[in-house]
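> First the structure, which I've put down as structure tokens, then a few questions once you've had a look.
Nothing in this text is a laboratory measurement; each read-out follows from the coordinates by a stated rule. This structure is a prediction, so every number in the text was calculated from the model and none was measured.
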Amino acid sequence: MPEAATTFHVREVSDQTRVIDIKGDITAQSEDVLMDAYGRASGDGVSAIVLNFTGLDYMNSGGIGLLVTLLVRAQRQHQRMLAYGLSDHYRQIFELTRLDDAIGIHHSEDDALAAADRS
């Protein structure tokens with residue numbers, strides 16, 4: 001079965017905030033491209049990383065594990081992680097795994113960016 005293409009596009013929305021637009025699947029095979037995107041998003045003065053899940057097609061337990069790794073890296077850099085665009089299904093998974101305790105979940109990009117500005 002061919003592997004789905006996964007892309008992580010990084011947008012600079014302010015000096016302190018970056019958005020990572022997710023398109024495709026997040027699985028263990030996404031590690032290199034996800035960590036590369038985080039490396040491009042993270043930098044001097046960046047205090048918030050916002051994950052845009054509106055283009056997410058699929059995420060499995062390996063993908064959840066990658067998000068935990070990403071969260072640990074962000075916390076080491078004293079960065080907040082926020083997210084928006086999660087489907088009801090993935091929002092429930094974030095609640096069950098308690099990722100929603102560590103990653104601020106928002107309904108829209110505007111809400112997530114407003115929360116990032118308050119950090």
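> Which angle between 0 and 90 degrees, to the nearest 10, do you get for helix 31-41 versus the longest principal axis of the chain when only C-alpha atoms count?
20 degrees
> With a/c under 1.5 counting as rounded, go ahead and sort region 48-115 into rounded, prolate or oblate using the C-alpha gyration tensor (a ≥ b ≥ c being the square roots of the eigenvalues; past the cut-off, prolate if a/b is larger than b/c, else oblate).
The shape class here is oblate.
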